[in-house]
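Here is the structure we will look at, set down as structure tokens.
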Amino acid sequence: MESCWAVIDNRKITQLRFPPGDRAQDLHKEMGTNHYIINEFRGHYGSNCNYSWHTPGSYNFAFGRSRYIDSKGIVMYLTNALEELRMRNRTKDDKDNGTLRKLCFITWDSHPEERTLARLGLDWFSEPDIKLLDLQQHYLRPMASELMARLELRYKDQKPQLRGDIKNAGYSLTNCAGNNAVFHLEILLALNYTKPAYVDKLFEGRRV
């Protein structure tokens, strides 16, 4: 079991002095991540899960360090991280008026996030300054890995998980919730900076 979010600050990237790059890939380095693995579920892999359809990849997080926490601390860690984001990079006017930053949560099928937060007693999405955006509802509609392939965004690790195991190189990183959090932002940025001329190609299932 794991929890993660990836963050990019719109107020910060609008002040950058360099272009976003092809498919906004130069903005990827501006992301930050918080990835937590729950101690009670350490050692849980797809290979030893009782459900064949469940192939968790919590230990394949590719965008930073993971932190181990106890399940009883989940609410505290999530709440503290949320409050830190709402206070981050506020203007003088924000501080003088006690205004918090507005947040937008990017998901691919928001139901798991909504159910999990409800189970934890966290009613974030009813707050007026917190918005929920479900990329699965985007008019392009394919699953995340397919859309990333069309956009030519990396979602596979070409290195073998075991030394010398070349046969099993190129495995998907999408089975890790932490990687998915980053991928959602990469998709959003790429779509935002996609030239109108390429939209038809995306609709036709072609790469851009």
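Restricting segment 150-208 to residues that are among the aromatic types (F, W, Y) and in a loop (DSSP other than H, G, I, E, B) leaves a set whose member that is modelled with the lowest pLDDT is Y155.
Among residues of segment 101-119 that are free of Cβ contacts under 8 Å to residues at least 60 places away in the same chain and hydroxyl-bearing (S, T, Y), those with a Cβ under 6 angstrom from a residue that is part of a strand (DSSP E or B) and buried (at least 16 other Cβ atoms within 10 Å of the Cβ), sequence gap 6+ or separate chain, pair up as S110/D134. Of all residues in segment 104-119, one or more are aliphatic (A, V, I, L, M), in contact with an Asp or Glu (Cβ under 8 Å, 6 or more places away or on another chain) and at pLDDT below 95. For segment 39-59, the candidate set comprises residues that are more than 14 Å from the chain's Cα centre (by Cα) and closer than 16 Å to A181 by Cβ; within that set, the residue that is modelled with the lowest pLDDT is P56. Being of a type in the set (A, V, I, L, M, F, W, C) and part of a helix (DSSP H, G or I) is the filter; apply it to segment 100-120 and report the residue that is nearest to the chain's Cα centre (by Cα). Per the stated criteria, the residue is L117.
Among residues of segment 3-20 that are farther than 16 Å from N179 by Cβ and in contact (Cβ under 8 Å) with a residue 24 or more places away in the chain, those with a Cβ under 6 angstrom from a residue that is outside any strand (DSSP E or B) and of a type outside the set (D, E), sequence gap 6+ or separate chain, pair up as D9/N89; R11/N89; P20/L27; P20/Y193. Filtering segment 76-99 to residues that are among the β-branched types (V, I, T) and assigned to a helix (DSSP H, G or I) leaves only T79.
The values are calculated or read from the model by the stated rules, or taken from the named source; none is laboratory data. Worth saying up front: this structure is predicted, and the values here are computed from it rather than measured. Cβ: placed from backbone, ideal geometry, glycine included. Neighbour counts: every protein chain shown.
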